Amino acid sequence: MDAGLSRAAADGLPAVLETSNPANVEVYRRAGWQVVHTLTEPLSIWVMQQQPA
């Protein structure tokens, strides 16, 4: 994951991830990710983004 995040930051692009596990949302938030969208159908999915460092 570090290589992909480093490449996105070097290119000035945000990184995006999705999780369907609600327990992961807070873990990712503590690592600098922000929820940018939430889907509830057919299952809950949180779309998260991290701005380039």
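For this structure, a couple of remarks:
- Summed side-chain charge close to Glu18 - residues other than Glu18 whose Cβ falls under 15 Å, Lys, Arg +1, Asp, Glu -1: 0
- If R0 is taken as 35 Å, the Cβ-Cβ distance between Thr40 and Arg7 corresponds to a FRET efficiency of 0.65.
- Value of [θ]222 nm, deg cm²/dmol, for the chain, DSSP H segments ≥ 4, -39500 (n - 2.57) each, nearest 500: -9500 deg cm²/dmol
- Ratio Rg/Rh, restricted to the chain and using Cα atoms, in which Rh is the Kirkwood radius: 1.01
- Between Gln49 and Val16, the modelled label-to-label distance comes to 0.8 nm, taking each label 7 Å out from Cα in the direction of the beta carbon.
A short reminder: the numbers here are calculations on the coordinates, not readings from a lab. All values reported here derive from a predicted model rather than from experimental measurement. Cβ sites come from the backbone with ideal geometry, for glycine too, and all protein chains shown count toward neighbours.
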